[in-house]
Structures are given as C-alpha cells and as structure tokens.
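Some notes on the structure that comes next.
What follows is calculated from the coordinates using simple rules that are stated; it is not laboratory data. Bear in mind the structure is a predicted one, so any value in this text is a computation, not a measurement. Neighbour counts run over all protein chains shown; Cβ positions are idealised from the backbone, glycine included.
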Amino acid sequence: MTPAGTRLTPVTTPAEELVTSLAYNDAGLVCAVVQQFDTREVLMVAWMDAEALRRTLETGRGTYFSRSRREYWIKGETSGNTQRVIDVRRDCDGDTLLVLVDQTGVACHTGTRSCFDSAPAVRPAALRPAVEQA
C-alpha cells in the first residue's frame, strides 16, 4: 500500500523502452538488418513491427513480420535454420534495427548463407582498377 498522495511509477523494461523509442514507418514497421554476431557478416534484411520485436526480445528467436503474408514468422521454424538473437540495437534515427544473431544453417530462403551471396558485387567506377575502366 502506498501513502496517500504518492503515485506509483510504472516500471519500464529496457526491452519496452527500445520498442517504444522506434520511428516505425506508415505501415507500423521498422527495417531489421540481421548480422552474424561474431563475424559481422550481413545475413539478411527483414521487417519488424512492435509485436515482432517484443517476441524476439522475449524468446531470443528472430521473429519478423511478413509484408506479403501479413503474418509473423520465426526464422528457422520450418527450415531448421534458426537465429539465436544475441543483441538488438537501434540506429541513431530509430528507424532501423541491427539484430545480431548466431545463425544456424543458411539465412537466405534461396539456400545461401547470406541473402547477399548470390548477386555479383558492383564497384563504383572510381574504385575500379584503371584496366577495368578502359
């Protein structure tokens, strides 16, 4: 019981502070860049809403929101290629998350380790050797 006139301050967890601090887009989503925690390899990009982020922070499993299916999905739930979430960080603007994971198996639905493995890299002309520019 509290003394008369004393207000209780709601307890806010660091997880809920993160969820409420984000600048979600008009669809209520924020971009999540998923990176292998130890090698810093970028594995994939997905979308989260507040509930997907809460689920991720509560379970430690990468949980995302599918824009096409309009439903939540847990990485590896059907494929077995799971993500154990190590850390979640927001960028300076609060409109993007960096999700550091320990990836088991491949991250991309095409069967490659990263969603950025299959397309060839393209370098800006200023960085190409002189022979390539000729």
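In nm, what is the difference between 0.36 nm times the number of residues separating T104 and T12 and their Cα-Cα distance? If you can, show how the numbers build up before the last one.
Working: separation 92, 0.36 × 92 = 33.12 nm, distance 3.23 nm.
Taking 0.36 nm per residue and subtracting the Cα distance, the gain is 29.9 nm.
Out of all DSSP beta bridges in the range 1-97, what portion is antiparallel? Express it as a percent rounded to 5. Please list the in-between numbers first.
Values: 12 of 14 bridges.
Percent antiparallel among DSSP bridges in the range 1-97 is about 85.
Are there cysteines in the chain with no other Cys C-beta under 4.7 Å, and if so, which?
C31, C92
Take S114, S21 and order them by how many other Cβ atoms sit within 10 Å, fewest up front.
S21, S114
For E41, enumerate residues with amide H under 5 Å from its amide H, sequence gap 5+ or separate chain, H modeled in the peptide plane.
Q36
Give me the number: length gained by fully extending E51 to C31, i.e. 0.36 nm times residue separation minus the C-alpha to C-alpha distance, one decimal in nm.
5.8 nm
Starting with the fewest neighbours, write out V19, V122, V88, V42 ranked by other beta-carbon atoms found within 10 Å of each beta-carbon. Before the final figure, lay out each step's value.
Values: V19 22, V122 6, V88 19, V42 15.
Ordered by Cβ neighbours within 10 Å, fewest first: V122, V42, V88, V19.
For the range 102-125 and the range 37-61, compute the distance between their C-alpha centroids and round to whole Å.
17 Å
In a Gaussian network model over the chain where Cα atoms closer than 10 Å are linked, find which of A46, A27, A107 has the largest mean-square fluctuation.
A27
At a 10 Å Cβ-Cβ cut-off, how would you order L97, L127, fewest neighbours first?
L127, L97
Which one, T63, T39, T96, has the greatest fluctuation when you compute a Gaussian network model over the chain with C-alpha springs under 10 angstrom?
T39
Per DSSP H run of at least 4 residues, take -39500 (n - 2.57); add these up for the chain, divide by its residues and hand me the 222 nm value, nearest 500 deg cm²/dmol.
Result for the chain: -4000 deg cm²/dmol, rounded to the nearest 500.
For the range 35-134, build the convex hull from the C-alpha positions and give me its volume per residue in Å³.
Expressed per residue, the convex hull around the Cα atoms of the range 35-134 is 148 Å³.
Rounded to the nearest 20 debye, what is the charge dipole size of the range 11-134 about its Cα centre when +1 sits on each Lys and Arg Cβ and -1 on each Asp and Glu Cβ?
On the way: 14 positive and 17 negative charges, 73 e Å.
That gives the range 11-134 a dipole magnitude of about 360 debye.
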